[in-house]
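The values are calculated or read from the model by the stated rules, or taken from the named source; none is laboratory data. This is a predicted model, so every value here is computed, not measured. Positions of Cβ are generated from backbone atoms using ideal geometry, with glycine treated the same way; all protein chains shown enter the neighbour counts. Accessible surface areas use protein heavy atoms only, side chains included; no ligands, DNA or RNA. Shrake-Rupley method; radii C 1.70, N 1.55, O 1.52, S 1.80 Å.
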Amino acid sequence: MLCLGIETSCDETAVAVLRGRQVLAEEVASQVAEHATFGGVVPELASRRHLEGLDGLVTAALGSAGVGLVDLDLIAVTRGPGLLVALLVGMQYAKGLAAGLGVPLIGVNHVTAHLEAVHLDAPVAYPYLGLVVSGGHTHLFRVAGSNALTLIGHTVDDAAGEAYDKVGKMIGLPYPSGAVLDGLAQEGDPAAIALPRPMLDRDNLLFSFSGLKTAVRTYLSRAGQLPESGGSAPTGAALRDLAASFQAAVVETIVTKTVRAARREGLERLVVGGGVACNAGLRAAFAAGDGPAVHFLPPRYCTDNGVMVAALGMAQYAAGVRHDLDLAPVPGLAALLEDEAATAAVS
Ligand code: KG4
Ligand code: ZN
């Protein structure tokens, strides 16, 4: 089966052409640099850039795959969660193609796709514990199939990647700041600054990163290193120690809650996806622990991409999922999971 995957939920316009598990071509146009000047993603700007760039990316991907539109058997597109105005661009484009070519359309869940792309590398048996950690998500799922996810844990405020980006912004690092802080953390002392491990003492599967971000702000302010209060941002060893101490707090929180979730649910396998799954500290901590057998997505598929969308679209099509051309985008994760569960129950 030849599938075109389309992703426009946030600030990357991404497409991919897959034949089964083989990736024939993929294209990503990142808008990160443009949004960086605003310190975060501007929805209307993202939408406009998707609209301008999507058709050219599809043409380029089909060209490098050596196939034509008429060869496509399935169109998969991200249906949510994400920014409504951004999702709409991909969905309208995908519907137009599906209608014009007379091929089926599958609208996929972006968060599920972040996990399910793991099977492209080496299939992981169900059920598994899924951890999605990105700029928009810190979620734990019990995954019983490509269309059978139960949300069992989540952040009550900021997502893990968002915390990295906000701490980076505080000290003038470029957006997004996760990879930069991760690199600095490798050279710093994780015990240099005492920072809280939010929610760790509570016997639940909830995460919170907003208090940690505030603790970093308070520390910087007291040390005279908070630029917004007239201080100069830390540099050299002080910056590396801050990055390492912050990363240690984030990683310990994520690993402890995730291992707790696996034990509670009796799950022996863990799949980690989303941008923060690139994090070296997180990878090392999971690998060193005595928790479930961990499967990380390859770094190139951790951040947003079209390959994960096509892969999940094909898996769901094979599992019998069918969508009409009046399928609506769903910006919120909870609403989308509910809708998917209700549809699965009916069919
Ligand atoms: O999955 P993604 O591309 O987009 C969302 O769906 O959010 O993730 C982007 C997020 C950003 O917050 C970025 O700072 C973070 O992932 N990130 C990292 C690393 N690489 C990307 N965070 C920590 N360590 C990294 N190495
Ligand atoms: Zn994502």
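Summary table below
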item: Close pairs from region 266-288: first free of Cβ contacts under 8 Å to residues at least 24 places away in the same chain, partner aliphatic (A, V, I, L, M), Cβ under 9 Å, at least 6 apart; result: 283/272; 283/277; 283/294; 284/251; 287/294
item: Qualifying position, being closer than 26 Å to residue 286 by Cα, in the same structural domain as residue 131 (by TED's automatic domain parsing), in a helix (DSSP H, G or I) and hydrophobic (A, V, I, L, M, F, W, C), among 220, 212, 200; result: 212
item: Cβ pairs under 7 Å, 6+ apart, first in region 144-155 and open to solvent by 40 Å² or more (accessible area, probe 1.4 Å), second among the polar types (S, T, N, Q) and part of a strand (DSSP E or B); result: 154/138
item: Criterion: under 26 Å from residue 331 (Cβ atoms), assigned by TED's automatic domain parsing to the domain that holds residue 334 and under 20 Å from the mean Cα position of the chain (by Cα) - qualifying residue of 148, 163, 113; result: 113
item: Candidate set: region 83-107, residues that are among the small types (Gly, Ala, Ser), in contact (Cβ under 8 Å) with a residue 40 or more places away in the chain and more than 24 Å from residue 145 (Cα to Cα); chosen: the one nearest to ligand 2 (Cβ to nearest atom); result: 86
item: Helices (runs of 4 or more DSSP H) contained entirely in region 233-332, each with at least 1 residues that are away from ligand 2 (no atom under 16 Å from the Cβ), more than 17 Å from the chain's Cα centre (by Cα) and assigned by TED's automatic domain parsing to the domain that holds residue 193; result: 236-265, 280-288
item: Qualifying positions in region 108-139 - more than 16 Å from ligand 2 (Cβ to nearest atom) and surrounded by 21 or more Cβ atoms within 10 Å (Cβ to Cβ); result: 128, 129
item: Residue count, region 83-139 (criterion: touching a His at 6+ places or on another chain (Cβ under 7 Å) and among the hydrophobic types (A, V, I, L, M, F, W, C)); result: 8
item: Candidates 247, 186, filtered to the one that is within 22 Å of residue 288 (Cβ to Cβ) and open to solvent by 60 Å² or more (accessible area, probe 1.4 Å); result: 186
item: Yes/no for residue 153 being touching a Gly at 6+ places or on another chain (Cβ under 6 Å) and within 24 Å of residue 258 (Cβ to Cβ); result: no
item: Leading residue by the ranking (farthest from ligand 1 (Cβ to nearest atom)) among those in region 270-284 that are open to solvent by 30 Å² or more (accessible area, probe 1.4 Å) and within 16 Å of residue 259 (Cβ to Cβ); result: 284
item: Number of the condition not met by residue 123 [criteria: (1) modelled with pLDDT under 95; (2) touching a Phe, Trp or Tyr at 6+ places or on another chain (Cβ under 6 Å)]; result: (2)
item: Meets criteria (open to solvent by 40 Å² or more (accessible area, probe 1.4 Å), modelled with pLDDT of 95 or more and farther than 18 Å from residue 72 by Cβ) for residue 328; result: yes
item: Residues of region 189-199 satisfying the condition of being more than 16 Å from residue 210 (Cα to Cα) and surrounded by 20 or more Cβ atoms within 10 Å (Cβ to Cβ); result: 193
item: Cβ-Cβ under 6 Å pairs, at least 6 apart or on other chains, region 165-187 side within 22 Å of residue 37 (Cα to Cα), far side within 16 Å of ligand 2 (Cβ to nearest atom) and open to solvent by 50 Å² or more (accessible area, probe 1.4 Å); result: 165/175; 165/176
item: Test: residue in region 63-78 that is crowded, with 20+ Cβ neighbours inside 10 Å, farther than 28 Å from residue 320 by Cβ and under 21 Å from the mean Cα position of the chain (by Cα); result: no
item: Of the criteria (1) open to solvent by less than 50 Å² (accessible area, probe 1.4 Å); (2) without any contact (Cβ under 8 Å) to a residue 60 or more places away in the chain; (3) closer than 19 Å to residue 161 by Cα, which one residue 217 fails; result: (1)
